[in-house]
Amino acid sequence: MIIGIDIGNTTVEIGFIKEYKFIKSYKLASNREKTIDDWFLDIFNIFSIEKNKPQDCIISSVVPQIEQKIFVAIEKLLGKNPLIVGKDIKVPIVNKYKNPDEVGIDRLVNAFSALKKQNPPLIVIDLGTAITFDIVNEKGEYEGGLIFPGIESSVDTLFSKTSKLPMVKVEKPKNIIGKTTVDSIKSGIFYGYCSLIDGLIKKIKSKTKKNFNIILTGGNSELISNCIEEKHIVDKFLAMEGLYLIYKQYLDILNKT
């Protein structure tokens, strides 16, 4: 068993991976104020729940200040350095970005993982703090994509920038036309993002003249899946599966040398 850690801007996902289709994960808030000892205790408690000490750890991160603290905490827990994707291990996918170093490691991990599940060309949509569209071409190469604010980010902005509008829970409303302010906001957010995502998929298809296999992942993927007209699959463990596959490929290379 290995432990995969996906450090994002909102959550840190800690996954226990026995094999490709056997993953159990826990999520912690991406609290930048937490100390190394705080992270050590949190991860130690998760280890205690699982009653299993992983043999190795692989980390994907877009938050360097948290990454460094978790690195030290894992080193103490396992007695060995975790592997950092992008530093110790490269994501084995051709990156066609103008400046390849600009691409978030999380986007490359998702693209690589998706490529192992579906035939290209692919659109990978990660509905997290930011919503990212990542395109894998028919050759299996990472082409680039789109980035825009996530659902919770939009709700937070709406709430903080307006004095009379209430904070709402993001969920599918009963009716598209809201009869209260809360229902109107819920409908605007839900159906607005559904239309935005569907519209962008159609726009990408139209501009490229290609048909894509589409994978949704991230915290709001199951919610938005309910209203996406374009054919797609949902994979909430896409990043963890990618980390496992990258780790296995890394081991295979080591064993051949």
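The values are calculated or read from the model by the stated rules, or taken from the named source; none is laboratory data. Predicted model only: the values in this text are computed from it and were never measured. Heads up, the Cβs are rebuilt from the backbone with ideal geometry, glycines too, and the neighbour counts pull from every protein chain shown. Note: areas computed on protein heavy atoms with side chains; ligands, DNA, RNA excluded. Shrake-Rupley method; radii C 1.70, N 1.55, O 1.52, S 1.80 Å.
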### Task
Report P(r) for segment 118-234: all Cα-Cα distances, bin width 10 Å, range 0 to the bin holding the largest distance, values in whole percent.
13, 43, 28, 13, 3, 0
#### Entry: Gyration tensor over alpha-carbon atoms, segment 2-87, equivalent ellipsoid semi-axes in Å
18, 14, 13
### Query
Any idea of the accessible area per residue across the chain, 1.4 Å probe, to the nearest Å²?
52 Å²
### Message
Let me confirm the definition first: pairs of Lys residues in segment 2-87, 8 or more apart or on different chains, C-alpha distance under 15 Å. How many are there?
### Response
8
### Share antiparallel - DSSP beta bridges, segment 118-234, percent rounded to 5
65 percent
### Message
Which residue, V182, P149, F159, has the largest displacement toward the positive end of the dipole of segment 136-182 when charges sit on each Cβ (Lys, Arg +1; Asp, Glu -1)?
### Response
V182
### Query
With charges set only on the Cβ (+1 for Lys and Arg, -1 for Asp and Glu), what does the dipole of segment 118-234 come to about its Cα centre, in debye to the nearest 20?
460 debye
### Message
Please compute the modelled spin-label separation between I233 and F22, points set 7 Å along Cα→Cβ, answer in nm with one decimal.
### Response
2.1 nm
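If I compute solvent accessible area with a 1.4 Å probe over the protein chains, what percent of it on the chain is carbon and sulfur?
Of all accessible area on the chain, carbon and sulfur atoms account for 51 percent.
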### Query
Roughly how big is the chain's charge dipole about its Cα centre, with Cβ charges of +1 (Lys, Arg) and -1 (Asp, Glu), in debye to the nearest 20?
580 debye
#### Entry: Percent of beta bridges antiparallel (DSSP, the chain, rounded to nearest 5)
60 percent
#### Entry: Backbone N within segment 1-18 under 12 Å of label point (7 Å from D156 Cα along the Cβ vector)
9-11
### Summary
Note to self, the chain gives a 222 nm [θ] from helices alone (DSSP H runs n ≥ 4, -39500 (n - 2.57) apiece, / all residues, nearest 500) of -13000 deg cm²/dmol
#### Entry: Cβ-isolated cysteines (cut-off 4.7 Å), the chain
C57
